[in-house]
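Q: Have a look at this one.
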Amino acid sequence: MRRLPPLLAGLLLLATACTAAPDPDPDPKPTGDRWLPKPGLAWQWQLSGRLDPTVDVPVYDIDGFDHPASTVKDLHARGRKVICYLSTGAWEEFRPDAARFPKSVLGKGNGWEGERWLDIRRTDVLEPLMAKRLDMCRDKGFDAVEPDNMDGYRNRTGFPLTAADQLRYNRLIAGLAHDRGLAVGLKNDLDQIPKLLPDFDFAVNEQCAEYDECGRLTPFVAAGKAVFHVEYELEAREFCPQARALGLSSMQKRYELGVWRRAC
């Protein structure tokens with residue numbers, strides 16, 4: 001989850017993409033039953049606006065609900081691996097399955113309009129709902145999933161969530177993804193990296209440079225697992241030298257996560 005609220009509700013910025021240099025190995029080979037992204041892969045993260053499939057990077061991260069299987073197929077034809085963005089730790093009123101979530105699992109707002117934290121202790125309710133969402137990612141042909149809002153225990157959710165609750169839920173989501181042949185990324189949740197590293201295939205991080213936390217992501221790189229990283233408030237020139245030294249896949253984005261990017 002991005003740490004600051006969006007600029008204005010409904011803002012969708014469509015600017016010209018700033019592309020990165022092609023990765024020397026643009027189509028990493030899968031290992032076993034799923035794709036395992038390696039450190040240093042360039043990526044594009046676009047969650048708003050009309051999708052631009054022409055950014056010259058080997059990895060795209062796009063909204064799982066908003067895009068049909070044909071979009072994933074097109075990106076594959078262009079040589080991309082495609083990550084399915086889902087919110088697994090928060091409820092979103094605008095999703096087609098929103099009515100399936102009982103009010104008892106809905107907590108406080110998470111800072112984004114129309115979103116509320118979920119009671120992740122209620123796996124009896126949430127596991128089948130999340131399994132259906134991951135079925136959707138698999139059936140549309142995605143290679144991986146980015147489960148968002150996976151650090152509720154560190155926020156004011158309205159529920160007395162503990163670190164143990166979060167570990168159990170995050171491992172549940174990782175297991176559901178792996179059962180479907182999908183790679184899965186750990187979103188933020190830096191404190192639990194030492195315990196969750198074996199369960200996740202890559203990491204997605206926001207603003208580790210701004211908060212002087214990027215060094216905490218190096219266990220993923222050391223394990224041969226990609227860290228897909230963005231900054232919003234810092235200019236690329238301010239964080240790219242460190243990001244490159246650490247082996248992160250880094251770029252500057254705007255909060256609405258439209259087309260625009262400035263890669264390291």
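Q: Multiply the residue separation of ARG171 and LEU36 by 0.36 nm, subtract the distance between their alpha-carbon atoms, and state the gained length in nm to one decimal.
A: 46.9 nm
Q: What number comes out for accessible area per residue over the chain if the probe is 1.4 Å? Units Å², please.
A: Result: 43 Å² per residue.
Q: Looking only at ASP56, ASP189, ASP212, which one moves most when the chain is put into a Gaussian network model with springs between Cα atoms under 10 Å?
A: Checking each option, the largest mean-square fluctuation is seen for ASP212.
Q: Something else about it: Just for the range 180-264, what percent of DSSP beta bridges are antiparallel, to the closest 5?
A: 15 percent
Q: Under the 0.36 nm per residue contour assumption, what length would be gained going from the current alpha-carbon distance of ARG100 and GLN242 to full extension?
A: 46.7 nm
Q: Can I ask one more? Suppose the chain between ASP56 and GLU127 were pulled fully straight at 0.36 nm per residue; how much longer would it get relative to their current alpha carbon spacing?
A: Working it through step by step, the gained length comes to 21.9 nm.
Q: Are there GluC sites (Glu not before Pro) in the range 188-264 that DSSP puts in a loop and that have at most 10 other Cβ atoms within 10 Å, and which ones?
A: Answer by residue number: GLU235.
Q: Mean Kyte-Doolittle of at least 0.0 and a Cα length of 18 Å or more along the axis: which whole DSSP H helices of the chain meet both?
A: none
Q: Hey, any idea what % of the range 150-264's accessible area is carbon plus sulfur with a 1.4 Å probe?
A: C and S atoms contribute 46 percent here.
Q: Charges at C-beta only: +1 for Lys and Arg, -1 for Asp and Glu. How large is the resulting dipole of the range 79-182 about its Cα centre, in Debye rounded to 20?
A: That gives a dipole near 100 debye.
Q: If the only charges are +1 at each Lys and Arg Cβ and -1 at each Asp and Glu Cβ, what is the size of the charge dipole of the chain around the Cα centre, to the nearest 20 debye?
A: With Lys and Arg at +1 and Asp and Glu at -1, about 280 debye.
Q: Among VAL57, MET251, PRO147, which residue has its Cα furthest toward the positive end of the charge dipole of the chain, with +1 on Lys/Arg Cβ and -1 on Asp/Glu Cβ?
A: It is PRO147.
Q: From the list [x] 16.0; [y] 12.6; [z] 14.6, can you say which value of mean projected area of the Cα convex hull in nm² was derived from the structure given?
A: [y]
Q: What is the range 114-167's relative contact order, in percent, from Cα pairs under 8 angstrom and six or more apart in sequence?
A: After rounding, I find 48 percent.
Q: Quick check: net charge around TYR169, other residues with Cβ under 15 Å of its Cβ, Lys/Arg +1 and Asp/Glu -1?
A: Counting the neighbours of TYR169, the net charge comes to -1.
Q: Among LYS103/LYS225; LYS73/LYS195; LYS132/LYS195, which pairs are too far apart, with a Cα-Cα distance over 30 Å?
A: LYS103/LYS225; LYS73/LYS195
Q: Identify, among LEU161, GLN207, LEU172, the residue whose Cα sits farthest towards the positive end of the charge dipole of the range 160-218, taking +1 on the Cβ of Lys and Arg and -1 on the Cβ of Asp and Glu, with the dipole about the Cα centre.
A: LEU172
Q: With +1 on each Lys and Arg Cβ and -1 on each Asp and Glu Cβ, and nothing else charged, work out how big the dipole of the range 45-95 is about its Cα centre, in Debye to the nearest 20.
A: Using only the charged Cβ atoms, the result is roughly 240 debye.
Q: Nearest 0.05, what FRET efficiency do GLU113 and LEU47 give at R0 = 22 Å with Cβ-Cβ as r?
A: With a Förster radius of 22 Å, E is 0.95.
Q: Do the sum for the chain: with -39,500 (n - 2.57) for every DSSP H run of n ≥ 4, divided by all residues, what is the mean residue ellipticity at 222 nm, to the nearest 500 deg cm²/dmol?
A: Counting only the DSSP helices, I get -7000 deg cm²/dmol.
The values are calculated or read from the model by the stated rules, or taken from the named source; none is laboratory data. The structure presented is a predicted model; accordingly, all values stated were derived computationally and were not measured. Reconstructed Cβ throughout: ideal geometry from the backbone, glycine too, with neighbour counts over all protein chains shown. The area values use the complete protein model at the heavy-atom level, side chains included, leaving out ligands, DNA and RNA. Shrake-Rupley method; radii C 1.70, N 1.55, O 1.52, S 1.80 Å.
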